[in-house]
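Visitor: First the structure, then my questions, so here it is.
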């Protein structure tokens, strides 16, 4: 399973899903993946309503294990992406002992409470990112991670954080725009996790090429019971003129039984010199079995300084995972 951050995704997922289970091919190779599609209806006011029924994404991941080295390669398809099929993950991780690993290749950003992969989400839409886009996608580089029972941290040197041709790929160069990411996680208190991270692009602003970008991300999660989780997140991004602002979320999830669960979320985003919104989300999920689920979402937007005053979103999504 690939997530933005293993611990973050596990907490996000607690409300509704089990992890993607690898299919073991032999002692050294396993395969996992998913396919998801949805119907989405959006109704801004003022403005025309739109709807769409399409495939959301398909991902197939191959994992090889030759201790102490683990290799991961994944193929990713998303409609209207720059390429029909993208090599998403492509990295090798070496366990150097003492709780430390070193990874090199193309991998997902540390940042963000909400997961990248659709099966690891608790709802259909993301809390934020419509205007500010502070949470990065994939990039290439090298990183060092450490974890024990109470703490963990990581540090990455990247080809870029934000400035690639699309959010699935960096720019491939260090001399023109080196990127850095890091995080620290504290988990010594039972059922509580506190995570703080940063991203720094030396020349990452796509409009103002010489502007650096600095992002700080902090989230905290508390397992109220074995079936419920409360989480808070705050993000601030400063990328120069037109790319400076904050966003936040408050998230609650509840398992009702082995099949039914729901996520409740309030989130917001505001550009310092531009639009913003507050978003209210309810998203129930029904797990048919460990490999197939159906989820729905209703979200209401209250906009400021945007093309619309309010907006409604409704969606139904099916997810098959293996």
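Visitor: Mind checking which residues of region 279-294 are in contact (Cβ under 8 Å) with a residue 24 or more places away in the chain and part of a strand (DSSP E or B)?
Guide: Answer for region 279-294, where residues must be in contact (Cβ under 8 Å) with a residue 24 or more places away in the chain and part of a strand (DSSP E or B): 279, 281, 283, 284, 285, 286, 287, 288, 292, 293, 294.
Visitor: Let me ask you something else. Identify all residues within region 175-188 that are in a loop (DSSP other than H, G, I, E, B), surrounded by fewer than 20 Cβ atoms within 10 Å (Cβ to Cβ) and in contact with a strand residue (DSSP E or B) (Cβ under 9 Å, 6 or more places away or on another chain); write none if there are none.
Guide: 178, 187, 188
Visitor: Would region 121-137 turn up any residue that is under 22 Å from residue 34 (Cβ atoms), outside any loop (DSSP other than H, G, I, E, B), modelled with pLDDT of 95 or more and touching a strand residue (DSSP E or B) at 6+ places or on another chain (Cβ under 7 Å)?
Guide: For region 121-137, residues under 22 Å from residue 34 (Cβ atoms), outside any loop (DSSP other than H, G, I, E, B), modelled with pLDDT of 95 or more and touching a strand residue (DSSP E or B) at 6+ places or on another chain (Cβ under 7 Å): absent.
Visitor: Please specify each residue of region 241-260 satisfying the condition of being surrounded by fewer than 16 Cβ atoms within 10 Å (Cβ to Cβ) and either at pLDDT below 95 or more than 25 Å from residue 133 (Cα to Cα) (or both).
Guide: 241, 242, 256, 257, 258, 259, 260
Visitor: For region 61-120, which positions are surrounded by fewer than 20 Cβ atoms within 10 Å (Cβ to Cβ), in contact (Cβ under 8 Å) with a residue 40 or more places away in the chain and under 13 Å from residue 143 (Cβ atoms)?
Guide: Scanning region 61-120 gives 100, 101, 102, 103.
Visitor: Out of the residues in region 261-278 meeting the condition of being over 20 Å from residue 44 (Cα atoms) and in a loop (DSSP other than H, G, I, E, B), tell me which one is modelled with the highest pLDDT.
Guide: 272
Visitor: If I filter region 233-253 for residues that are part of a strand (DSSP E or B), farther than 25 Å from residue 45 by Cβ and free of Cβ contacts under 8 Å to residues at least 24 places away in the same chain, do I get at least one hit?
Guide: Yes, region 233-253 contains a residue that is part of a strand (DSSP E or B), farther than 25 Å from residue 45 by Cβ and free of Cβ contacts under 8 Å to residues at least 24 places away in the same chain.
Visitor: Which condition breaks for residue 48 when tested against (1) outside any loop (DSSP other than H, G, I, E, B); (2) at pLDDT 95 or above?
Guide: (1)
The values are calculated or read from the model by the stated rules, or taken from the named source; none is laboratory data. Small disclaimer: the values here were computed from a predicted structure and weren't measured. When we count neighbours, we look across all protein chains shown, and the Cβ atoms used for this are built from the backbone with ideal geometry, even at glycine.
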